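Asker: Dumping the structure here so I can ask a few things about it.
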Amino acid sequence: MAELTALESLIEMGFPRGRAEKALALTGNQGIEAAMDWMLELVAQKHREREEREEREALERERQRRRQGQELSAARQRLQEDEMRRAAEERRREKAEELAARQRVREKIERDKAERAKKYGGSVGSRPSPPAPEPAPVSSSPSQEPPTKREYDQCRIQVRLPDGTSLTQTFRAREQLAAVRLYVELHRGEEPGGGQDPVQLLSGFPRRAFSEADMERPLQELGLVPSAVLIVAKKCPS
């Protein structure tokens, strides 16, 4: 009867029947107090186990977070290194392409010079052009016809550079003045600090500065045929 009373008392206190019966049995039916102590200890033990489990889980989550952070940092560093490597390779490729393009332009100009020299028998160099031959005296005989004006297909241009040197080249009479400027820019040599300043072409005498519109006009239209002397002056960038 005492056991039944203890069990009912525990149930009235809110303990589950199964747990109350187990507590009374494991404590040797020593009464309500012993059973309550056992159940409270069980609850405390489960609470400690839950706290320990949560602490272990929190530690594991922190380890995973740090590991993921390290992996993310390593991946970001690898990505930056790859981008830097690709950028360096792109710069090297662009520089190689630029050098190759400049070399092709130089080779084309050399081929053009060789072809002109072979076709017209003129030498290409930096020597000044020979003076034009003086016209033969015209006879005063009324029966002689007036001489016809000679048409020139070639134009020999001597270009004097600011450093005192000169360039001499033969061009077609119908070529634009821009071809002469391009030839000068490619053959005047590299200036200190790399890069080249734009040039301004001047006629020798009378002194005349050629404009951008003149660059598109043929040499024969500008009065530079069959030969002429041009002067290079540095052109201030606009």
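The values are calculated or read from the model by the stated rules, or taken from the named source; none is laboratory data. On a predicted model such as this, the values are computed, not experimentally measured, just so you know. Virtual Cβ from ideal backbone geometry, glycine too; neighbours counted across all protein chains shown. Only protein heavy atoms, including side chains, enter the accessible area calculation; ligands, DNA and RNA are left aside. Shrake-Rupley method; radii C 1.70, N 1.55, O 1.52, S 1.80 Å.
Asker: Residue by residue through segment 35-90, note down the ones that are open to solvent by less than 90 Å² (accessible area, probe 1.4 Å), under 30 Å from GLU21 (Cβ atoms) and hydrophobic (A, V, I, L, M, F, W, C).
Answerer: If the condition is that a residue be open to solvent by less than 90 Å² (accessible area, probe 1.4 Å), under 30 Å from GLU21 (Cβ atoms) and hydrophobic (A, V, I, L, M, F, W, C), then ALA35, MET36, TRP38, MET39, LEU42, VAL43, ALA44 are the ones that fit.
Asker: Taking into account only those residues within segment 25-82 that are touching a residue at least 24 places away in the same chain (Cβ under 8 Å) and outside any helix (DSSP H, G or I), which is farthest from GLY14 (Cα to Cα)?
Answerer: Ranking the qualifying residues of segment 25-82, first place goes to ASN29.
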